[in-house]
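As structure tokens, the structure follows; a few thoughts come after it.
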Amino acid sequence: MSENVRTDQLPLADESPTTESRDLGPSGNPTHPLATAPVGAPPHSVDGFVKEFLHELNTNQGVPLSMSSVNDQYMALASTVRNYLMARWLETNRKVHENKPKTIGYLSAEYLLGRQLGNALLATDLSDIAEKGLALCGIDIATLRAQEVEPGLGNGGLGRLAACFIDSLATMDVPCVGYGIRYEYGIFRQTFVDGRQVEQPDTWLSLGSPWEFPHPEASVQVDFGGHTERYIGEDGRERVRWVPAWNVLGVPYNYMVPGYLNGRVNTLRLWSAQATKAFDLQIFNSGDYAQAVRAQTFAENISKVLYPEDSTPQGKELRLQQQYFFVACSLRDFIDHSLEDGFDLHNLPERITFQLNDTHPVIAVPELMRILIDEYDFEWDEAWDVTSRCFAYTCHTLLPEALEVWPTDLLGRLLPRHLELIYQINDHFLAEVREAFPGDDLRAHHMSIISHGQGVRMAFLATVAGTKVNGVAELHSQLLRDKVLPDFSALWPEKFTNVTNGVTPRRFVRLSNPKLSELINDTIGNGWVTDLERLKELEPYADDPEFRAQFAEIKAWNKHRIADLLRARDGIDLPDGHLVDVMVKRLHEYKRQSLKLLHIVSLYEQVLSGKIAASEVMPRTVVFGSKAAPGYAMAKETIHLINKVAATINADPILEGRLKIAFPANYNVTLAEKLIPAADLSEQISLAGMEASGTGNMKFALNGALTIGTDDGANVEIRKLVGDKHFFLFGMSEPEVAELGAQGYNPHSYYDANPQLKATLDLISSGVFSNGDRHLFDMVVENLKNQDRFMALADFDSYVAAQAKVEERYADQDSWMRSAILNMARTGYFSSDRSMRDYLQRIWHTTPML
Ligand SMILES: *Cc1c(COP(=O)(O)O)cnc(C)c1O
């Protein structure tokens with residue numbers, strides 16, 4: 001390893017006296033009995049809990065109970081619970097240190113964690129004790145729970161998936177470190193002003209963050225820019241040296257990832273960027289204070305904000321800096337700090353698999369090559385052998401625009417050595433292609449990692465380097481093989497596999513739906529929390545009238561719970577006794593919120609024009625929840641239109657008590673946990689072939705909502721499991737979409753041929769939703785009528801017909817509840833525990849460490 005990148009040589013670390021003792025905690029004698037005594041054994045009494053809580057309040061917050069604020073109390077409660085997890089964390093780390101098991105390094109630019117307190121209480125089995133103890137102090141635990149600001153370090157499904165996966169790995173006793181970025185500002189807070197989305201910064205850290213543990217002494221240096229030099233090494237071989245132009249420090253912040261009641265606590269390590277001392281001292285010494293501060297700002301910008309796009313990358317230099325930053329920190333962290341001194345890096349694949357969550361961390365591939373070759377003197381073949389066994393790649397999309405491509409000039413400017421290595425990887429790879437397909441130059445051209453005129457195709461690089469490439473639902477994995485990466489699957493068929501996504505039953509059933517959990521426990525015991533397929537045992541109860549009544553009562557209770565929340569949170573009143581129809585997910589054309597909107601407007605139009613009587617409309621509340629990327633004009637206009645339609649219809653007495661539209665702002669995990677258990681109907685209406693998997697669809701089914709959906713993503717698997725009778729399928733299939741696309745989709749023909757569709761779109765253009773302005777929503781309407789890659793009008797008829805079936809079924813409550821129970825009982829497959837078992841078997845080839 002070359003000297004110039006040793007972290008203990010950094011100016012900052014040199015000045016720090018604690019560098020050497022970093023890993024082992026107290027630098028004292030580890031054989032002293034107190035050094036290994038467990039701390040924070042769980043309190044078995046309410047009194048014990050109260051004592052600890054008051055101690056934390058006094059010593060951490062510095063206030064007596066009588067003078068404490070809600071935030072003081074929340075912080076004290078968090079540290080009390082945290083203390084009980086600490087013993088398990090230490091023990092987990094000790095075991096890992098001792099047994100040196102293979103670890104999963106989950107590399108993800110996003111973690112959409114949701115609130116931590118409830119999960120920590122659940123994992124320590126402290127919920128009841130804490131509630132009772134706080135009550136003795138005159139505190140309602142619900143008030144403290146509500147005080148927590150969720151860390152929104154992700155955009156949507158992809159980030160939430162990462163959070164579910166690390167939860168499952170901890171619960172399954174699998175050693176895993178989640179690596180990511182500690183954004184100072186997570187996903188923006190959405191507000192509406194006159195129906196338009198306005199973004200506010202997410203200041204999630206402003207009241208303190210009791211769940212994180214910063215370790216500045218373990219900071220890592222990350223280099224950028226500069227150039228490379230060739231020189232002759234001591235052994236006479238030509239070598240390359242990267243001479244970077246600037247660098248930043250990565251400061252790790254550790255988070256606990258507790259397993260469910262199993263004593264294991266894994267680590268999530270998020271990196272925060274800081275200016276290096278060398279960097280600003282140099283400028284400071286030159287006398288330019290302002291420039292020194294600017295330098296610091298520049299460095300810290302790297303972890304300042306989460307990029308608020310979903311599904312479409314923006315070619316932003318800062319984004320590439322973020323990607324390299326967290327990946328370089330993470331590899332350095334594992335190689336330098338987690339492996340024992342003198343570890344032979346040839347064996348690295350036996351100690352870790354880095355799972356690449358989409359293409360965001362793919363720059364890790366040339367980074368590992370660089371470390372092995374430039375720092376550890378590996379020969380190319382040796383380095384590639386190791387690297388190509390350390391990574392596996394999960395693809396999350398089918399949209400071509402969402403596959404990241406970095407311009408070579410940008411990459412070369414920011415990471416000159418990495419670009420050289422990517423060229424070399426490509427040369428070796430294309431030689432292999434030419435050998436496998438002699439004379440087929442066109443194929444080699446198509447498969448090249450570097451596309452001339454475009455740049456470096458990160459998905460290709462990940463596919464070449466990964467031991468496995470997986471899609472996230474059966475249909476998606478098949479389309480990935482057949483349509484996105486067909487040449488690669490022809491070359492390496494065995495590389496491709498599927499792992500259908502899942503969600504953690506701890507957060508999305510046990511915590512979010514306490515009454516239902518209780519009913520399940522009383523009926524089949526509590527084994528389902530870690531073995532979700534056991535929900536199958538509930539199937540017979542679908543025919544039990546008493547169970548159905550209890551289930552229906554819980555659904556009603558959950559509806560009241562969300563009504564209370566939305567009244568307090570958004571000033572929205574939800575009517576009683578409605579079918580609750582929910583569409584919550586990022587706003588994207590492919591997800592087709594506009595199709596849901598057309599259904600609503602069509603109902604309204606039919607009543608307005610007297611085609612049907614208001615009394616014929618089944619009482620229904622439609623709930624939307626959606627953020628649009630700030631730069632995505634069509635998505636923002638769709639939000640605007642939904643809000644205007646909602647305002648008009650909600651204010652019109654004609655549909656009073658029949659149709660209500662609610663669009664609470666700032667959909668996030670916290671809201672999802674309250675909203676999903678209250679839903680009767682789950683809207684999963686993307687154009688077939690566009691939604692890779694979806695995970696919202698799974699959360700709804702597990703909470704006993706019926707799905708109205710296209711044959712897309714994991715909907716396909718949900719429908720197969722629950723059965724056609726309990727799922728409202730509509731719309732074109734993926735092959736039909738492909739065929740229509742090939743013929744040329746002409747939306748206007750649907751508009752012309754279908755009077756109801758025409759009347760619906762014309763109503764939007766009439767100005768009734770826009771104070772008479774006939775053009776306010778031209779962008780949305782004209783797109784639907786004339787362009788729309790996502791073919792909403794083609795599926796309109798079929799969607800409306802499926803909604804009519806929904807109404808028919810819902811009128812028979814017994815039959816509906818039966819289907820709802822069967823949805824819950826038959827979708828245990830979608831536990832992220834099962835996803836993790838699939839990864840262990842098909843990709844990571846390792847087993848839990850018990
Ligand atoms: C589950 C979840 C998602 C993903 O929803 P999809 O319907 O699969 O797109 C997005 N955001 C939040 C807050 C979630 O909890």
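Some notes on this structure:
- Positions within region 643-677 being of a type in the set (A, V, I, L, M, F, W, C), assigned to a helix (DSSP H, G or I) and either under 21 Å from residue 806 (Cα atoms) or away from the ligand (no atom under 16 Å from the Cβ) (or both), in sequence order: 645, 646, 647, 649, 651, 654, 655, 675, 676
- Taking region 517-537 as the range and being within 20 Å of residue 168 (Cβ to Cβ), of a type in the set (S, T, N, Q) and in contact with a helix residue (DSSP H, G or I) (Cβ under 7 Å, 6 or more places away or on another chain) as the test, the residues that pass are 517, 530.
- The single condition among (1) free of Cβ contacts under 8 Å to residues at least 24 places away in the same chain; (2) aliphatic (A, V, I, L, M); (3) closer than 17 Å to residue 384 by Cβ that residue 464 does not satisfy is (1).
- Residue match in region 693-710 (condition: out of contact with any helix residue (DSSP H, G or I) (no Cβ under 8 Å at 6 or more places or on another chain), assigned to a helix (DSSP H, G or I) and not basic (Lys, Arg)): no
- When region 300-344 is filtered for residues that are closer than 17 Å to residue 153 by Cα and basic (Lys, Arg), the ones remaining, listed by number, are 304, 319.
- On the stretch given as region 190-218, residues that are part of a loop (DSSP other than H, G, I, E, B), under 19 Å from residue 303 (Cα atoms), at pLDDT 95 or above and not hydroxyl-bearing (Ser, Thr, Tyr) total 6.
- Selection from region 711-723 of residues that are out of contact with any His (no Cβ under 8 Å at 6 or more places or on another chain) and in a loop (DSSP other than H, G, I, E, B): 711, 712, 714, 723
- The lone exception for residue 521 - which of (1) touching a residue at least 60 places away in the same chain (Cβ under 8 Å); (2) under 23 Å from residue 164 (Cβ atoms); (3) out of contact with any strand residue (DSSP E or B) (no Cβ under 9 Å at 6 or more places or on another chain) it fails: (1)
- Restricting region 618-647 to residues that are out of contact with any strand residue (DSSP E or B) (no Cβ under 9 Å at 6 or more places or on another chain) and hydroxyl-bearing (Ser, Thr, Tyr), the residue that is farthest from residue 306 (Cα to Cα): 638
- Qualifying positions in region 136-188 - within 12 Å of the ligand (Cβ to nearest atom) and over 13 Å from the mean Cα position of the chain (by Cα): 150
- Filter result for residue 432 (modelled with pLDDT of 95 or more and either touching a Pro at 6+ places or on another chain (Cβ under 8 Å) or closer than 23 Å to residue 713 by Cβ (or both)): no
- Taken together, the criteria place residue 688 among residues that are part of a loop (DSSP other than H, G, I, E, B) and within 16 Å of the ligand (Cβ to nearest atom).
- In region 302-403, counting only helices (runs of 4 or more DSSP H) that sit wholly within it, the ones holding 2 or more residues that are at pLDDT 95 or above and among the β-branched types (Val, Ile, Thr) span 380-390.
- Count of region 707-717 residues which are away from the ligand (no atom under 12 Å from the Cβ) and buried (at least 24 other Cβ atoms within 10 Å of the Cβ): 2
- Qualifying residue in region 720-733 (condition: within 12 Å of the ligand (Cβ to nearest atom), closer than 22 Å to residue 401 by Cβ and either surrounded by fewer than 24 Cβ atoms within 10 Å (Cβ to Cβ) or of a type outside the set (A, V, I, L, M, F, W, C) (or both)): no
- Counted residues, region 575-595 - those being under 13 Å from residue 791 (Cα atoms) and of a type in the set (Lys, Arg): 2
- Residue within region 796-816 that is aliphatic (A, V, I, L, M) and on the phi > 0 side of the Ramachandran plot present: no
For (1) part of a helix (DSSP H, G or I); (2) more than 16 Å from the ligand (Cβ to nearest atom); (3) farther than 30 Å from residue 664 by Cβ, each residue gets a yes or a no:
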{"position": "506", "(1), (2), (3)": "yes, no, no"}
{"position": "562", "(1), (2), (3)": "yes, no, no"}
{"position": "567", "(1), (2), (3)": "yes, yes, no"}
{"position": "572", "(1), (2), (3)": "no, yes, no"}
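- Pair list, Cβ under 8 Å, 6 or more apart: region 641-668 residue over 30 Å from residue 187 (Cβ atoms), other residue within 16 Å of the ligand (Cβ to nearest atom): 659/622
- Qualifying residue in region 99-110 (condition: within 15 Å of the ligand (Cβ to nearest atom) and farther than 25 Å from residue 565 by Cα): yes
The values are calculated or read from the model by the stated rules, or taken from the named source; none is laboratory data. Please read all numbers here as calculations on a predicted model, not as lab measurements. Please note: Cβ atoms are built from the backbone with ideal geometry, for glycine as well, and neighbour counts cover all protein chains shown.
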